[in-house]
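Okay, here's the structure, questions in a sec.
The values are calculated or read from the model by the stated rules, or taken from the named source; none is laboratory data. Remember, it's a predicted structure, so these values are computed and weren't measured experimentally. Positions of Cβ are generated from backbone atoms using ideal geometry, with glycine treated the same way; all protein chains shown enter the neighbour counts.
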Amino acid sequence: MEESPLHRNTVTGGASTLTADSARPRADAVRNRAKLLVAARDAFAAGEGDVTFDALARRAGVGVGTLYRNFPDRQALVEAVYRTELDAVAESAGELLDKHPADVALRRWFDRYTGFVATKKGMAEAFQQAVASGAVTAGETRERIRSTIDRFLLVGSATGALRGDVLSDDVTVALLGAVLGTAADTDGKRRGRVLDLLVDGLRPR
């Protein structure tokens with residue numbers, strides 16, 4: 001007996017819907033992955049580079065099996081935290097520029113960047129392994145930072161909040177120098193003063 005067109009369409013449509021739904025991550029799975037990344041980021045930023053997967057799972061409030069399903073090994077977790085944080089640092093520029101003049105936004109973004117550096121320092125050993133394997137490149141970070149600074153400079157130049165004769169490459173070098181030069185600054189006060197000076201030098205006279 002030949003299937004009716006209605007029956008064929010129903011079955012086919014149901015199969016298509018099932019395929020689409022099965023390909024889409026469940027909301028709870030997305031939430032669990034996000035919680036694991038936050039827990040790992042906080043642990044790394046606190047200098048807990050050797051924190052166990054069991055401890056991370058407890059901190060995130062999920063089972064250790066969920067952690068392993070998302071990140072089969074420490075290297076995969078480190079790379080995911082690194083890329084997630086780098087994306088967040090770059091993407092925060094838009095929100096800051098929406099709320100503040102470009103010079104103020106840039107200064108606040110510098111603080112956001114130093115927070116990213118703190119996270120990277122906490123996972124230094126694993127990060128070095130990621131670089132050695134080629135999974136993460138130093139150039140990737142520098143280019144994202146440079147292009148984000150360029151965004152601030154373009155807006156600042158157009159609005160008169162920042163000088164228009166400054167290269168984003170030069171500001172990137174100055175920022176990296178400020179962060180490295182104040183690495184021993186435990187309370188952040190000296191770093192804050194140096195970053196204040198950097199932004200002040202970028203304002204038009």
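Within the stretch 151-163, does at least one residue satisfy the condition of being within 21 Å of D98 (Cα to Cα), without any contact (Cβ under 8 Å) to a residue 60 or more places away in the chain and either outside the structural domain of R107 (by TED's automatic domain parsing) or not in a helix (DSSP H, G or I) (or both)? Explain how you work it out, then say what you get.
First, the residues of the stretch 151-163 that are within 21 Å of D98 (Cα to Cα): 151-163.
From what is left, the residues that are without any contact (Cβ under 8 Å) to a residue 60 or more places away in the chain are 151-160, 163.
Those left that are additionally either outside the structural domain of R107 (by TED's automatic domain parsing) or not in a helix (DSSP H, G or I) (or both): 160, 163.
For the stretch 151-163, residues within 21 Å of D98 (Cα to Cα), without any contact (Cβ under 8 Å) to a residue 60 or more places away in the chain and either outside the structural domain of R107 (by TED's automatic domain parsing) or not in a helix (DSSP H, G or I) (or both): present.
To continue, here is another question. For the condition modelled with pLDDT of 50 or more and not small (G, A, S), what is the one hit in L6, L67? Steps first, answer last, please.
Values: L6 fails: modelled with pLDDT of 50 or more.
After applying the criteria, what remains is L67.
Another question, if that's okay. Given the residues V171, V166, which is the only one that is under 23 Å from the mean Cα position of the chain (by Cα) and in the same structural domain as T114 (by TED's automatic domain parsing)? Lay out the reasoning, then the answer.
Details: V166 fails: under 23 Å from the mean Cα position of the chain (by Cα).
When all the criteria are applied, what remains is V171.
Also, quick follow-up: Could you check, for the stretch 51-61, whether at least one of its residues is part of a helix (DSSP H, G or I), at pLDDT below 95 and under 23 Å from R191 (Cβ atoms)?
For the stretch 51-61, residues part of a helix (DSSP H, G or I), at pLDDT below 95 and under 23 Å from R191 (Cβ atoms): absent.
From the set of residues in the stretch 142-163 that are of a type in the set (V, I, T) and crowded, with 20+ Cβ neighbours inside 10 Å, which is nearest to R83 (Cα to Cα)? Full working, then the answer.
Within the stretch 142-163, the subset of a type in the set (V, I, T) is 145, 148-149, 155, 159.
Keeping just the survivors that are crowded, with 20+ Cβ neighbours inside 10 Å gives 145, 148-149.
Working: I145: 13, T148: 15, I149: 18 Å.
Only one residue fits best here, namely I145.
Another question, if that's okay. I'd like to know if the stretch 35-45 contains one or more residues that are under 26 Å from A118 (Cβ atoms), modelled with pLDDT under 95, exposed (fewer than 12 other Cβ atoms within 10 Å of the Cβ) and out of contact with any strand residue (DSSP E or B) (no Cβ under 7 Å at 6 or more places or on another chain).
There is no residue in the stretch 35-45 that is under 26 Å from A118 (Cβ atoms), modelled with pLDDT under 95, exposed (fewer than 12 other Cβ atoms within 10 Å of the Cβ) and out of contact with any strand residue (DSSP E or B) (no Cβ under 7 Å at 6 or more places or on another chain).
Quick test of your reading of the structure: R41 fulfils all but one of (1) among the charged types (D, E, K, R); (2) touching a Gly at 6+ places or on another chain (Cβ under 8 Å); (3) outside the structural domain of T137 (by TED's automatic domain parsing). Name the failing condition by number.
Unmet condition: (2).
Here's something else I'd like to know. Going through the stretch 78-95 one residue at a time, which ones are over 21 Å from T52 (Cα atoms), under 9 Å from the mean Cα position of the chain (by Cα) and among the charged types (D, E, K, R)?
Once the filter is applied, which keeps residues that are over 21 Å from T52 (Cα atoms), under 9 Å from the mean Cα position of the chain (by Cα) and among the charged types (D, E, K, R), the stretch 78-95 yields D87, E91.
Quick check on the stretch 193-202. Is at least one of its residues modelled with pLDDT under 90 and over 18 Å from A88 (Cβ atoms)? Please lay out each step first, then the result.
Kept after step one, since they are modelled with pLDDT under 90, are these residues of the stretch 193-202: none.
There is no residue in the stretch 193-202 that is modelled with pLDDT under 90 and over 18 Å from A88 (Cβ atoms).
From the residues in the stretch 94-132 that are polar (S, T, N, Q) and at pLDDT below 70, which one is surrounded by the most Cβ atoms within 10 Å (Cβ to Cβ)? Reasoning before the result, please.
Initial filter on the stretch 94-132 (polar (S, T, N, Q)): 114, 119, 128-129.
Then drop every residue that is not at pLDDT below 70, which leaves 119, 128-129.
Values: T119: 22, Q128: 12, Q129: 16.
Going through the qualifying residues, I end up with T119.
Considering only the stretch 18-25, I want to know if a residue exists there that is modelled with pLDDT under 75, hydroxyl-bearing (S, T, Y) and within 23 Å of G63 (Cβ to Cβ). Explain how you work it out, then say what you get.
Narrowing the stretch 18-25 to residues modelled with pLDDT under 75: 18-25.
Subset that is hydroxyl-bearing (S, T, Y): 19, 22.
Right, trim to within 23 Å of G63 (Cβ to Cβ) and you get 22.
Yes, the stretch 18-25 contains at least one residue that is modelled with pLDDT under 75, hydroxyl-bearing (S, T, Y) and within 23 Å of G63 (Cβ to Cβ).
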